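Encoded as structure tokens, the structure appears first; notes follow it.
The values are calculated or read from the model by the stated rules, or taken from the named source; none is laboratory data. If you're wondering where the values come from, they're calculated on a predicted model, not measured in any experiment. For neighbour counting, all protein chains shown are included, and Cβ atoms are generated from backbone atoms with ideal geometry for every residue, glycine included. In case anyone asks, the SASA skips ligands and DNA or RNA and just uses the protein heavy atoms, side chains included. Shrake-Rupley method; radii C 1.70, N 1.55, O 1.52, S 1.80 Å.
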Amino acid sequence: MSRKEPAQSESLTRAKRLFIANFSLFAFLIAAWLIFGRTGDPVSTEPVAETVIIPEKQLSLPEQAYLKGQMDALSEHPMTMPEFEDDWVRNICVKMIQRDSTFDGASDVQIKAFVEEYYRGYSERFEDYFDSSTARSLGYEFGLKFDPAIRRFPGLASIKRELALHKEKLVSKFELDEPEWQLFVKAFDQGFRRGFYQIEDGVTADIRTPIRLNFD
């Protein structure tokens, strides 16, 4: 056997060992990536506790008319309104019910009943006012966290679901009753729409990162 053959065999053995070592390291890195993920955080095997959202009660049409009357009255500052007079108030009630698609297809008798419910809610809250500026501001700040270039607009349904997770806390913090809560959600959505497209102050860096509300 020539002197070159042992040297070649030894070189080949070293190459094989180096290949096995590199392959093992590569396999280890792949396994670590699968276990810990891209962020380096271990994947929890513990079950994630989900927040249970109690579905809101489905209101009947008369109940919706009553709630709408309350909300419309709360949306108008008493100082900007004339004195309460039954004739013009009832006239407004008829127009508001007729314009609302919720009550489309109702008979004349039903419309009359809805108007009465609307009138009852409207007259009860005529002297009250709900300032929606705080809700609108919170929605705007939340909207700034999104970048419309990489995230689709969540939509009102998504906003409602997200707010529902915090309803108990918000209702307690701002002392909201049901019509005020509905106005809060509406104003929050209006603010969110403004903030969503105002991307100079806030841009989402990673589309995979979940964006959640935090009212703590």
Please identify the pairs in which a residue from the stretch 78-95 that is in a helix (DSSP H, G or I) has its Cβ atom under 8 Å from the Cβ atom of a residue that is open to solvent by 90 Å² or more (accessible area, probe 1.4 Å), counting only partners at least 6 apart or on another chain. P78/E127; P78/Y129
Enumeration of residues in the stretch 91-114 that are surrounded by fewer than 21 Cβ atoms within 10 Å (Cβ to Cβ), touching a helix residue (DSSP H, G or I) at 6+ places or on another chain (Cβ under 8 Å) and of a type outside the set (D, E): I92, V94, M96, Q98, T102, F103, A106, Q110, I111, A113
Please find, among I92, I150, the residue that is within 14 Å of K68 (Cα to Cα) and either over 28 Å from the mean Cα position of the chain (by Cα) or hydrophobic (A, V, I, L, M, F, W, C) (or both). I92
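Select, from F130, F142, the only residue that is open to solvent by less than 30 Å² (accessible area, probe 1.4 Å), touching a helix residue (DSSP H, G or I) at 6+ places or on another chain (Cβ under 6 Å) and touching a residue at least 60 places away in the same chain (Cβ under 8 Å).
Values: F130 fails: touching a residue at least 60 places away in the same chain (Cβ under 8 Å).
Residue meeting the stated conditions: F142.
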R125 meets each of (1) at positive phi; (2) at pLDDT 95 or above with one exception, condition (1)
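Would you point out the residue of the stretch 59-78, among those that are hydrophobic (A, V, I, L, M, F, W, C) and either in contact with an Asp or Glu (Cβ under 8 Å, 6 or more places away or on another chain) or under 22 Å from L176 (Cβ atoms) (or both), that is modelled with the lowest pLDDT?
Of the residues in the stretch 59-78, the ones hydrophobic (A, V, I, L, M, F, W, C) are 59, 61, 65, 67, 71, 73-74.
With the extra rule that they be either in contact with an Asp or Glu (Cβ under 8 Å, 6 or more places away or on another chain) or under 22 Å from L176 (Cβ atoms) (or both), the set shrinks to 59, 65, 67, 71, 73-74.
Values: L59: 90, A65: 97, L67: 97, M71: 97, A73: 96, L74: 97.
Result: L59.
List the helices (runs of 4 or more DSSP H) that sit entirely inside the stretch 146-201 and contain at least 3 residues that are surrounded by 13 or more Cβ atoms within 10 Å (Cβ to Cβ) and touching a residue at least 40 places away in the same chain (Cβ under 8 Å). Outline the logic, then answer.
Working: elements: 155-164, 167-174, 178-196.
Qualifying helices (runs of 4 or more DSSP H): 155-164, 178-196.
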